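Before any comments, here is the structure.
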Amino acid sequence: MRCFLFLLFTFHFSLFTPHSSSAQTFTSQAIPDSVFQRMQGRSYPEGCSVRRSDLRYLRLSHYDAQGREHVGEMVCNKAIAQDLLDIFRELFRQKYPIESIRLIDDYGADDERSMRANNTSSFCYRKVSGTAKLSKHAMGMAVDINTLYNPYVRTDKKGRRIVEPATATAYTDRTKSFPYKIAKGDLLYRLFIQHGFRWGGNWRTMKDWQHFEK
C-alpha cells in the first residue's frame, strides 16, 4: 500500500513540475485585444502604418544565465514569426541564456530603458537612432537580443562615439568574455543566419551586436 501511494504521489508530482518539458511554451497568435491595448500609444503609436493583422504575439520559453526558466512575450511581423519560434525553441533546448523577453511597452516603448534592462524585443514603431529613417523594428522585422551586453555603437556627425544603451560602454570591448555576449559563430548567430537574418555585428560603419533583421 505504501509503495502504491508513493508511486501515485510521484506520478502526480511529475504532472505539475514547472520545469518539465511539457511546460515549454512556443506559441504564435494574432494580437489579442489585451496585448494590443498595452501597445496603444507606446510601441503602436497614433499614425502607425503597420496593420495589426500583420503582427503576431509570441510566447517563448527561455533560460537565463543562472539556468532559470522563464516564459517571455514578443510582438513581431507575421513574416518572421515561424522563424523566431524555430530559433527560440532550439535556443531553449540548448539552454542558450537570454535574460529577459518582454514587450517594449513594459518600458514605455523607451528603447534605452529596455536595453539597460538587458531586454530582448522585436516590434516598436520607431526610427533608427540618429536618423529620420524607420527602423526594421517599426515593421517587426528585427529582433534585439540581450541588449545591455551587446550594445549599438556609432559615430555621430561631430565625430563623437555614441553607445546605446549608455550604460554598456564596458561591453564594447568584444575581446572580453562576459555573460550574454553574442559572438560571430555562436549558436544564436548561426541559427539567425541559417534563417536568413542579417547581423548588426557585421556592419562596417557602425556596430549593433544585439540586432538581427530580415
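One table, with the values for the structure above:
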| item | result |
| --- | --- |
| Subset tally (residues that are touching a helix residue (DSSP H, G or I) at 6+ places or on another chain (Cβ under 8 Å) and either within 17 Å of residue 74 (Cβ to Cβ) or modelled with pLDDT of 50 or more (or both)) for segment 1-26 | 2 |
| Hey, residue 122 within 18 Å of residue 141 (Cα to Cα), among the polar types (S, T, N, Q), open to solvent by less than 40 Å² (accessible area, probe 1.4 Å) and under 14 Å from the mean Cα position of the chain (by Cα) or not | yes |
| Extreme residue, farthest from residue 135 (Cα to Cα), among residues of segment 178-194 that are in a loop (DSSP other than H, G, I, E, B) and in contact with a strand residue (DSSP E or B) (Cβ under 9 Å, 6 or more places away or on another chain) | 179 |
| Conditions (1) in contact (Cβ under 8 Å) with a residue 12 or more places away in the chain; (2) part of a loop (DSSP other than H, G, I, E, B); number of the one not met by residue 175 | (1) |
| Single match in 157, 127 (criterion: modelled with pLDDT under 95 and more than 22 Å from residue 57 (Cα to Cα)) | 157 |
| Of all residues in segment 131-168 being of a type outside the set (Ser, Thr, Tyr) and part of a helix (DSSP H, G or I), the one that is farthest from the chain's Cα centre (by Cα) | 166 |
| Answer from 167, 147 - the residue that is in contact with a helix residue (DSSP H, G or I) (Cβ under 6 Å, 6 or more places away or on another chain), open to solvent by 50 Å² or more (accessible area, probe 1.4 Å) and either at pLDDT below 95 or not basic (Lys, Arg) (or both) | 167 |
| Residues being in a strand (DSSP E or B), without any contact (Cβ under 8 Å) to a residue 40 or more places away in the chain and within 17 Å of residue 38 (Cβ to Cβ) - total across segment 112-130 | 1 |
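The values are calculated or read from the model by the stated rules, or taken from the named source; none is laboratory data. This is a predicted model, so every value here is computed, not measured. Don't worry about glycine lacking a Cβ; one is built from the backbone with ideal geometry, like all the others, and counts go over all protein chains shown. Keep in mind that these areas ignore ligands, DNA and RNA; they rest on the heavy atoms of the full protein, side chains included. Shrake-Rupley method; radii C 1.70, N 1.55, O 1.52, S 1.80 Å.
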